[in-house]
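The structure appears right after this line, and notes come after that.
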Amino acid sequence: MQKYLKLVQELAVDFDLFQITQVSRTLNKKADALIKVKSIEEDSVSAAVEEEERSWMTPIIEFLSKGMLPIDSSEAKKIKMKAPMYLLDKGVLYRKSFLGPHLRCLNPTQAESIIREVHEGIYAAEVIRKCQSCQLHAPVSKAPRHRMIPVASPWPFCKWAIGIVGPFPAGPGGVKFLVVAIDYFTKWVEAKPLKTISGNQI
């Protein structure tokens with residue numbers, strides 16, 4: 001904010017009259033969109049990878065900067081129709097958007113570099129770790145962290161697993177809980193209903 005204040009104070013000297021008016025949020029959508037376009041820092045709009053070869057952007061840039069059109073009439077017509085949707089600023093092409101920031105257009109090599117960085121880069125991992133929305137809505141993996149180790153039983157009824165299930169709605173005799181025992185070897189199941197869970201009953 002201090003950088004913006006300093007810049008405003010420098011620019012205010014060039015005007016005869018200067019005043020600040022507060023605008024309500026409902027009438028300030030365009031200003032909100034503009035603040036997302038780029039910073040006051042000049043080097044903040046730098047390309048990840050510079051590319052000299054021709055691409056889909058070249059005819060649009062040539063038309064916006066020099067008024068040049070392709071020789072083919074159908075291609076020239078397409079460029080004329082597309083051109084109003086784009087903006088050329090200091091040699092950088094942007095796609096205009098309604099009430100949002102202008103979108104930076106990329107060459108194939110630039111796009112590939114950025115996609116690789118987002119997919120594999122360290123910076124992407126750091127951003128995801130800090131992003132509250134990503135952490136809240138990320139899919140939860142159901143797979144175990146380690147390989148499951150089978151518990152072998154050498155003969156029937158040597159090893160049992162016991163668990164408590166419930167409480168359920170009260171049944172005949174007021175039973176609400178279920179003690180379930182499973183034999184590891186045969187998978188034989190035994191179950192016993194109980195009113196309450198206590199050490200003696202288990």
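Rounded to the nearest whole Hz, the Karplus-based 3J(HN,Hα) values (6.51 cos²θ - 1.76 cosθ + 1.60, θ = phi - 60°) of the stretch 102-116 follow the sequence 5, 9, 5, 8, 10, 6, x, 5, 4, 4, 4, 5, 5, 4, 5, with x at glycine and proline.
With R₀ fixed at 35 Å, the C-beta to C-beta distance from F15 to V92 puts the FRET efficiency at about 0.75.
Bear in mind that the values in this text are calculations on the coordinates, not laboratory data. Because the structure is predicted, anything quoted here is derived from the model rather than measured. Cβ atoms come from the backbone with ideal geometry, glycine included; neighbour counts cover every protein chain shown.
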